[in-house]
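Please read the structure below before turning to the comments.
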Amino acid sequence: MSSLPLDDRVTGYRPERVPPRGGPAQEVRWPDGATHLVVARVGVQTDDSAAGVKAIARVLELAAGESGPALVERVSDDDSEMAVCYWSDPEAHRAWWGSEPVRAWWDSLPVDGPLGHWHETSVTPLDQFETIYSAEFSGGPARLAPTGPTNLHDYDNSALDRMPATAHRDLGRERAEEPVTDLPPGESPRGRRVRLAEPSPSGLCWIRTAQEWSAAPDDQLASYRDGVEPAYRTAVAHLQDNPHESGCLSARLVNNLDANGARAAGSETIAWWRGIGDLLRWAHHHRTHQDILKAFWEEIVLKHGPGMRVRLWHEVHVLPEGALTAEYVNCHPGTGLLQTWPG
């Protein structure tokens, strides 16, 4: 997929002669020949910290093996640690997931005891994918490919303009059926393997949206912590509590970890949506997201201007039919997409 000049793309939503506030942002520019991005979130869930450390070490050991991911980033919340694994070559992912060491490990995971394991793996066509970075910064997909400037931001539905597929499809109107699993109604996923029914529905959307402050001086970090983060947490809580109203199937606020598993200077939310239209309606029109934007503009942009070092980025995936596989082994009902299913 070629890198297009700033203003040379077909767009359906960009206002004429209205430049973005703050000038261009950055987006990932994939090399010619790149067609898909595979992302597998592999999680370990436990209250036993020693068992958890050993289990995530095994995940990382396997990820370092033949045909393993080109990039692994680590995140955690109160009960899970996840390896976020990226492949730019779907064949390499298939070889890794089908390899004897990986299959022997996954297929032998126990359905009882202190540990839960899960994976959610998506294969996204790059014309149904977009990124935006507030500054030049290597996080997520920007560690796989270079970034370049774009003016396609700071207006409603700009994410759709950054997805090439919208030149010939109205992705904003596509909405998936709610995904289903083989979990019997009313039963708990603990003590069993639960699989997403195949093929997964067309139109499912997920976002990884992050904030990073490793280079931020103390006054900027205080501005973020005191002025922006409370609004951010309120918004995530709203999504978690209102899946049917919002169309958000799952929202998980996690902390970034470094390569050694120590807490890093950043956090992010990983959220699943029935469709990108649901995501964009919430982002552009719901009070909780507007409160985040207002707080960031007032507390970070206006106070710290060009010297701001709190950096934001996101990636958004819109999936075709069959592009998602997921399995949960001895997990509790709030794990990943299990949050939307009874149990």
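The values are calculated or read from the model by the stated rules, or taken from the named source; none is laboratory data. Everything numeric here is computed off the predicted structure, so don't read it as measured data. Cβ sites come from the backbone with ideal geometry, for glycine too, and all protein chains shown count toward neighbours. Keep in mind that these areas ignore ligands, DNA and RNA; they rest on the heavy atoms of the full protein, side chains included. Shrake-Rupley method; radii C 1.70, N 1.55, O 1.52, S 1.80 Å.
Would you please name the residue that is surrounded by the most Cβ atoms within 10 Å (Cβ to Cβ), looking only at residues in the range 231-242 that are touching a residue at least 40 places away in the same chain (Cβ under 8 Å) and over 17 Å from W273 (Cβ atoms)?
By that ranking, first place goes to Y232.
Which condition from (1) touching an Asp or Glu at 6+ places or on another chain (Cβ under 8 Å); (2) open to solvent by 10 Å² or more (accessible area, probe 1.4 Å); (3) closer than 22 Å to P146 by Cα is the one that V84 breaks?
For V84, the failing item is (2).
Filter the range 144-156 for residues that are open to solvent by 40 Å² or more (accessible area, probe 1.4 Å) and out of contact with any Lys or Arg (no Cβ under 6 Å at 6 or more places or on another chain); which is nearest to V38 (Cα to Cα)?
Going through the qualifying residues, I end up with L144.
Looking only at the range 7-49, which residues are closer than 23 Å to G191 by Cα and either assigned to a loop (DSSP other than H, G, I, E, B) or open to solvent by 70 Å² or more (accessible area, probe 1.4 Å) (or both)?
Selection gives T46, D47, D48, S49.
How about the range 76-146: which strands (runs of 3 or more DSSP E) wholly inside it have at least 3 residues that are within 20 Å of Y328 (Cβ to Cβ) and free of Cβ contacts under 8 Å to residues at least 12 places away in the same chain?
none
Could you grab me the full set of residues in the range 266-284 that are closer than 17 Å to M163 by Cβ, open to solvent by less than 10 Å² (accessible area, probe 1.4 Å) and small (G, A, S)?
G275, G277
Which of the following residues is over 30 Å from D258 (Cα atoms), modelled with pLDDT of 95 or more and either part of a helix (DSSP H, G or I) or touching a strand residue (DSSP E or B) at 6+ places or on another chain (Cβ under 8 Å) (or both): L183, L160?
Sole residue among the options that is over 30 Å from D258 (Cα atoms), modelled with pLDDT of 95 or more and either part of a helix (DSSP H, G or I) or touching a strand residue (DSSP E or B) at 6+ places or on another chain (Cβ under 8 Å) (or both): L160.
Name the residue that is most open to solvent (accessible area, probe 1.4 Å), counting only residues in the range 243-265 that are without any contact (Cβ under 8 Å) to a residue 40 or more places away in the chain and out of contact with any helix residue (DSSP H, G or I) (no Cβ under 8 Å at 6 or more places or on another chain).
Among those that are without any contact (Cβ under 8 Å) to a residue 40 or more places away in the chain and out of contact with any helix residue (DSSP H, G or I) (no Cβ under 8 Å at 6 or more places or on another chain), it is H244.
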